[in-house]
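Before we start, here is the structure in question, set down as C-alpha cells.
The values are calculated or read from the model by the stated rules, or taken from the named source; none is laboratory data. Values in this document were obtained by computation on a predicted structure and should not be read as measured data. Cβ: placed from backbone, ideal geometry, glycine included. Neighbour counts: every protein chain shown. Quick note on the areas: whole protein, heavy atoms, side chains included, nothing else; ligands and nucleic acids left out. Shrake-Rupley method; radii C 1.70, N 1.55, O 1.52, S 1.80 Å.
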Amino acid sequence: MNDMRHVERTVRVDTTKITARDVQVFYGDTHAIRNVSVDIPDKTVTAFIGPSGCGKSTFLRCLNRMNDTISVARVEGRIEIDGEDIYDRRVDPVQLRAKVGMVFQKPNPFPKSIYDNVAYGPRIHGLARDRADLDGIVEKALRRAALWAEVKDRLSAAGTGLSGGQQQRLCIARAVATSPEVLLMDEPCSALDPIATDQVENLIHELRENYSVVIVTHSMSQASRVSQKTAYFHLGELVEYGETGQIFTNPQDERTENYITGRIG
Amino acid sequence: MQVSFILLSLAAIGALAFVTARHRAIASVGGDARRLHSLPIYYGLNGSIMALVPALALLVAWMLVQPLFLDGAIRSDLSDSVLPEGSAMGLVVSDVRRVAEGLESGPLAQSFIAGDFADATPEEVGRMLVRGGTALGAPLTRPVLDAAMEYRTTSRTLRWIMGIAVLAVAVIGAAVAIHRSEGSYRARNVVETGMLGLLMVSASIAILTTLGIVMSMLFETANFFSQYPFTRFFFNTTWQPSFSGRGGASELGILPLLWGTLYISLIALIVAVPIGLFSAIYLSEYAGRAFRSVAKPTIEILAGIPTIVYGLFALITVGPLLRDAIASPLGLGNSASSVMTAGLVMGIMLIPFVSSLSDDIINAVPQAMRDGSLGLGATKSETIRMVIVPAALPGIVGAVLLAASRAIGETMIVVLGAGAAARLDLNPFEAMTTVTVKIVSQLTGDTDFNSPETLVAFALGLTLFVITLGLNVLALFIVRKYREQYE
C-alpha cells in the first residue's frame, strides 16, 4: 500500500444514482446479504471491498438483477436506480441490464470477431440506424476502452485471440457500447498482470466522466487508487461506507481497520 | 496334452509364484515391509507376470504356427499321384484334417484307440465317420486315411511338446522372479511396464482388427472388379442382378442404391436434427433439474430400442398411415413401404444421438458466456441463438455427422420401411432401397460365392465404409478446428 494516491476524493456530483434499503439475499437457506442499505452517487467510482465470501459480488449482482438467473437466489428489500424500484414487477430485467452494464472477473469475450463482440449489445437493442452508425458506435466504444489503436486494423479477428488485458478492455468496450448509465465491475483486474491492470484502472478513471462505476476488488491498493467512495463488507453485512480517503486513513469500525491494516483477510 | 489342462497348470504356477515371490521379498528384509523398495503386492504381481506372460505368449504363438506346419507336412506326404481326379490339393488337405479330427474326438475315438479298425477298409471308416457327424468332401481313400493317421500322431506329439515347453517357460520365469525378489529390487517399476504392455496390446488389437476388416474388404472388392468393370459399377443407373438360372448379364450399378441411401438419410436428418437440437437446448438451458433428470434418460431410452423394433413400427404403423393419409389421397403412390416411412422412423431413432451429444456440448459452453450476454441485456433465447449455439456449433456439427453415419449404415428400418426395390426416383412415397439392404440380399441365399452378383456386396460395403469414414474424419476435423475457440 505504498501507492496511496488518494486522487480526487471530492465527489463532484451530489445526485444519488442507486439507493439500496434493507436488502437481503438468500441462496436457498443461506442468508448471503443482511440488511444492506447504501446510497451510490452518480459519476463516481464506488469500491466494494471485503474478504472472500463476504457478499460484495452478490450485492453487485443485485444491482442489475443478474441474481435472477440463479434459480435458488432470492432478493428482498428495495433497490432504486434514479428513484425507480428495479425489482418492481413492471421493470423488465432485460431492459435494466442494458442500462446497468457489467464486466466480469474473467475476461469473457464471445467466440466472435472483435467487431461483433462490441456490436453485440447495440444490435440486440437496435441502437444503430444503419451499418455506418453501427461502425461509429463500435469505434467510439473501442476508443473509450482505450483499445481502438491496438485493434483498428483487425476488427474481424477473433476476440478470443487477444491478450488477457486486451480481452478485458474488449469486454469493457462491449459493455459501454450499449451506453449504460451504471457500470458494474466484478474484480475486473484479478486475472490481469500489473500493466494490463494499470490500463484498466486508467480506463475506470475516464469512465467516471460519464458513468456511475461500482467495482468489486480484492486489492485494497486498487480500491484506494480508483475509487472515491468505499464500502467494506463483512459476512454479508455492510460494515462501513464512506469517502475512500476516510475509510483507508481513519476507519470507524474495528473490523474495517483490521482488514485494511492486513490483520485479517 | 489338453489346452485347458495347460491353462489350469499355468494359473497354478502363477498363483504359486505370486505367493512365493511376495513371501521371499518380505523375508529378505526381516519381515519389515517398510524397508522394501515396493509394496509387497508388487513383488507378488511381478512373480505372476514373469511366470505367465512369456508362457502365454509361447502358447499363442505355438497354436498359430502348428496348423500351418501340419498342413505343410500333409502336402509333402501326399504326392500328386494320390489325388483323386479333378480335386484340388486344398480340398484333400482339409479332408485329411477333418478325418483326423473325427478319429481324435468324434464318437469313434474310443473304438479307434482300442484298435477296432485295424482291418476295416477306408470306405467303412468313412461311412462310420459320416455317421459320427464328420463331413467329407470325397469318399475316403487309403492314402487320405493314412495321412490322417499320420497327422493325428504328429499333432498329438506336438501338443505334448508344446505343453512341456510352455510349462517349462512358466516355471523358469517364476524361478527368476522369485530369485530376484529382494528388498532392493524395483518390482513396482516392472509391474508398471507390464501395465503399459497390457494397455498397448489392447489398443493394437482394436487397430489391427480394423485393418483386418479393411484388408478383407479390399481383397474381395479387387476380386469383384476383376470380374465386373469399374465404370459400370459406379456409373450405371440400373441395379438388376441376375441370379443363376435366370440367365443374362447382371446390371450392378451402385447409383440407385446410393441415391436411396442418401435420400432416406437426408429425410432422417431433417427430422432428427431440429427436434434433437431443440430438445437439447430446452433440456440444458430451460428445463428445471427435476424435469431434466426424468426427461434426459427417457429420451436416451430411444437409443436403446433395437432397430428391428423401429422397423416393425415403420412396417405396421407409420407406413400404412402415410399411405392412407398422404400418399393415396394425393395420388403419389399406394405403397406402404416408402422412403418417407423409413426416413421418418430413422429420424426418430436418431433424435437421442443428436440431443444427447448436443446437450453435453451446450453444457460445456462456459457459464461466463451466458453471463456476458445476459449482462448486456440479451434475453435467454437471444443468448442461445447468438452466443451459445455458435460457440457449440463445431460440436453440434460433429453430432450431426455422427448421426448421419448411423443413418447411412442402418439396415433393418429400411428393409421393413422402404422395401427392397432399387429405384432412382424423386417421389418420397415410392419404395426404394439402400446399399446396406442390398449387401444383405446379395450375400444371403443359395448363390455361388465367386460370382460378381455375390462379390458386389464387398464393393458396396467398401463404398459405404469409405463414405462413413469420410464423414467421421470430417466430423473430427471440424470439431478439432473450432474446439478451443472459447477458452
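Pop the C-beta distance of B:L424 and B:V466 into the FRET formula with R0 = 22 Å and round what comes out to the nearest 0.05.
For B:L424 and B:V466, the calculated efficiency is 0.55.
Taking the dipole about the Cα centre of the stretch A:16-260, with the C-beta of Lys and Arg at +1 and of Asp and Glu at -1, give me whichever of A:G245, A:I195, A:P111 is farthest to the positive side.
Comparing the listed Cα positions along the dipole, A:P111 ranks first.
Run lengths n ≥ 4 of DSSP H only: what is the helix-derived mean residue ellipticity at 222 nm for chain B, with -39500 (n - 2.57) per run over all residues, to the nearest 500?
-24000 deg cm²/dmol
Under 20 Å from a label point 7 Å along Cα→Cβ of B:A175: give me every residue in the stretch B:2-18 with its amide N that close.
Taking a point 7 Å out along Cα→Cβ of B:A175, the residues of the stretch B:2-18 whose backbone N falls under 20 Å are B:9-18.
Additional query: Going by the alpha-carbon gyration tensor, a ≥ b ≥ c the square roots of its eigenvalues, is the stretch A:216-265 rounded (a/c under 1.5) or, if a/c is not under 1.5, prolate (a/b greater than b/c) versus oblate?
rounded
Evaluate peptide A:159-165: per residue, the Cβ atoms of other protein chains within 10 Å of its Cβ; return the mean as an integer.
Per residue, the number of nearby Cβ atoms from other chains is 1 on average.
Within the set A:K56/B:K296; A:K56/B:K481; B:K296/B:K438; A:K56/A:K152; B:K380/B:K481, which residue pairs have Cα atoms separated by over 32 Å?
A:K56/B:K296; A:K56/B:K481; B:K296/B:K438; A:K56/A:K152
Show me the three semi-axes of the equivalent ellipsoid for the protein assembly as shown, from the C-alpha gyration tensor (sqrt of 5 times each eigenvalue), largest first, rounded to whole Å.
Value: 74, 42, 22 Å, ordered largest first.
What are the ³J(HN,Hα) values, in whole Hz, obtained from phi via the Karplus relation 6.51 cos²θ - 1.76 cosθ + 1.60 with θ = phi - 60°, for each residue of the stretch B:19-35 in sequence order, with x given for Gly and Pro?
Residue by residue, the stretch B:19-35 yields 5, 5, 4, 5, 5, 5, 4, 5, 5, 5, 10, x, x, 9, 4, 5, 8 Hz.
Something else now. Accessible surface of A:H205 in the full protein assembly, 1.4 angstrom probe, to the nearest 10 Å²?
60
Tell me the accessible surface of A:K106 in square angstrom (1.4 angstrom probe, heavy atoms of protein chains only), to the nearest ten.
Counting only protein heavy atoms, A:K106 exposes about 130 Å² to solvent.
About the Cα centre of chain A, how large is the charge dipole given +1 on each Lys and Arg Cβ and -1 on each Asp and Glu Cβ? Please answer in debye to the nearest 20.
Numbers: 33 positive and 36 negative charges, 118 e Å.
Dipole about the Cα centre, nearest 20: 560 debye.
Taking +1 at the Cβ of each Lys and Arg and -1 at the Cβ of each Asp and Glu, which of A:A158, A:F59, A:L235 sits farthest along the dipole of the stretch A:16-260 towards its positive end, judged by Cα position relative to the Cα centre?
A:A158
For A:L235 paired with A:D22, estimate the spin-label separation in nm (one decimal), with each label point 7 Å from Cα along the Cα-to-Cβ line.
Using points 7 Å along Cα→Cβ, the separation is 2.3 nm.
In addition: In chain B, if the dipole is taken from +1 on Lys/Arg beta carbons and -1 on Asp/Glu beta carbons about the Cα centre, which of B:G163, B:L258, B:S337 is farthest to the positive end?
Most positive-ward Cα: B:G163.
So if R0 is 22 Å, what FRET efficiency would B:R385 and A:R131 give, r being the distance between their Cβ atoms, rounded to the nearest 0.05?
Plugging the Cβ-Cβ distance into 1/(1 + (r/R0)^6) gives 0.60.
Just how much of B:M195 is accessible, in Å², when a 1.4 Å probe is used and the result is rounded to the nearest 10?
Taking all protein chains as shown, B:M195 has close to 90 Å².
In units of 2.2 N^0.38 Å, what is the alpha-carbon radius of gyration of chain B?
This ratio for chain B stands at 1.39.
Another question, if that's okay. Divide by every residue of chain A the summed helix terms, -39500 (n - 2.57) for each DSSP H run of at least 4, and state the resulting mean residue ellipticity at 222 nm, rounded to the nearest 500 deg cm²/dmol.
Helix contribution divided over all residues of chain A: -9500 deg cm²/dmol.
To continue, here is another question. How large is the dipole of chain B about the Cα centre if only Lys and Arg carry +1 and Asp and Glu carry -1, each at its Cβ, rounded to the nearest 20 debye?
1660
Shifting gears a bit: Quick one: if the Förster radius is 35 Å, what FRET efficiency do B:I270 and B:S226 give, using the C-beta to C-beta distance and rounding to 0.05?
Once the sixth-power term is evaluated, E becomes 0.30.
Here is a further query. Looking at the stretch B:167-247, which trypsin sites (Lys or Arg not before Pro) are in a loop (DSSP not H, G, I, E or B) and have at most 12 other Cβ atoms within 10 Å?
On the way: sites: B:R180, B:R186, B:R188, B:R232, B:R246; in loops: B:R186, B:R246.
Sites meeting the loop and neighbour criteria: B:R246.
Per-residue Cβ counts within 10 Å, from other chains only, averaged over A:101-111: what number is that? Please report the intermediate quantities before stating the final value.
Values: counts 3, 6, 2, 4, 2, 4, 2, 11, 4, 13, 13.
Mean partner shielding for this stretch: 6.
Right, next: I need the peptides B:215-226, B:34-45 ranked by packing, meaning the mean over residues of other C-beta atoms within 10 angstrom, with the highest value on top.
B:34-45, B:215-226
Taking the stretch A:49-126, which trypsin sites (Lys or Arg not before Pro) meet the DSSP loop condition and have no more than 13 other C-beta atoms within 10 Å? Walk me through the numbers before you get to the answer.
Numbers: sites: A:K56, A:R61, A:R65, A:R74, A:R78, A:R89, A:R90, A:R97, A:K99, A:K112, A:R123; in loops: A:R65, A:R89, A:R90, A:K112.
Here the sparse-neighbourhood loop sites are A:R89, A:R90.
How large is the charge dipole for the stretch B:239-485, taken about the Cα centre, if only the Cβ atoms of Lys, Arg (+1) and Asp, Glu (-1) carry charge, to the nearest 20 debye? Could the numbers behind the result be given before it?
Details: 14 positive and 15 negative charges, 116 e Å.
Approximately 560 debye in magnitude.
What average count of beta carbons from other chains do you get within 10 Å of the Cβ of residues in B:382-388?
Working: counts 4, 3, 0, 0, 6, 5, 1.
Counting Cβ atoms of other protein chains within 10 Å of each residue's Cβ and averaging gives 3.
Right, here's the next one. Hey, what does the equivalent ellipsoid look like for the stretch A:16-260, semi-axes from the Cα gyration tensor as sqrt of 5 times each eigenvalue, largest first, whole Å?
30, 21, 15
Using a 7 Å offset from the Cα along the Cα-to-Cβ direction at both A:K152 and B:L255, what is the distance between the two label points in nm, to one decimal?
Placing both labels 7 Å beyond Cα along the Cβ direction yields 5.9 nm.
Once phi is turned into ³J(HN,Hα) by the Karplus curve 6.51 cos²θ - 1.76 cosθ + 1.60 with θ = phi - 60°, what whole-Hz value does each residue of the stretch B:466-479 show in order, with x for glycine and proline?
5, 5, 5, 4, x, 4, 5, 5, 4, 4, 4, 4, 4, 4
HN-Hα J couplings of the stretch A:211-217 from phi, Karplus 6.51/-1.76/1.60, θ = phi - 60°, integer Hz, Gly and Pro as x?
So the Karplus estimates, Gly and Pro as x, are 10, 8, 10, 10, 10, 9, 8 Hz.
What does the stretch B:145-250 give for Rg and for Dmax, in Å, if only its C-alpha atoms count?
Looking at the stretch B:145-250, its Cα Rg and Dmax stand at 27.4, 81 Å.
On a 1.4 Å probe surface of the protein chains, which of B:W62, B:W160, A:W148 comes out largest in accessible area, and what is the full order?
Largest accessible area first, the residues go B:W160, B:W62, A:W148.
Then there's this: What is the set of long-range amide H partners of B:W239 at a cut-off below 5 Å, with H atoms built 1.01 Å from backbone N?
When sequence neighbours closer than 5 places are left aside, the close amide H contacts are B:G253.
Shifting gears a bit: Sort B:439-445, A:36-42 by the packing proxy (mean of other Cβ within 10 Å over each peptide's residues), most packed first. Please report the intermediate quantities before stating the final value.
Details: B:439-445: 15.3, A:36-42: 18.0.
Ranked from most to least packed, the peptides come out as A:36-42, B:439-445.
Using a basic spin-label model with each label point 7 Å from the Cα along Cα→Cβ, how many nm lie between B:L196 and B:A27?
Calculated label separation equals 3.2 nm.
With all protein chains present and a 1.4 Å probe, how do B:D77, A:D133 order by accessible area, largest first?
On the way: B:D77 90, A:D133 45 Å².
Solvent-accessible surface, decreasing: B:D77, A:D133.
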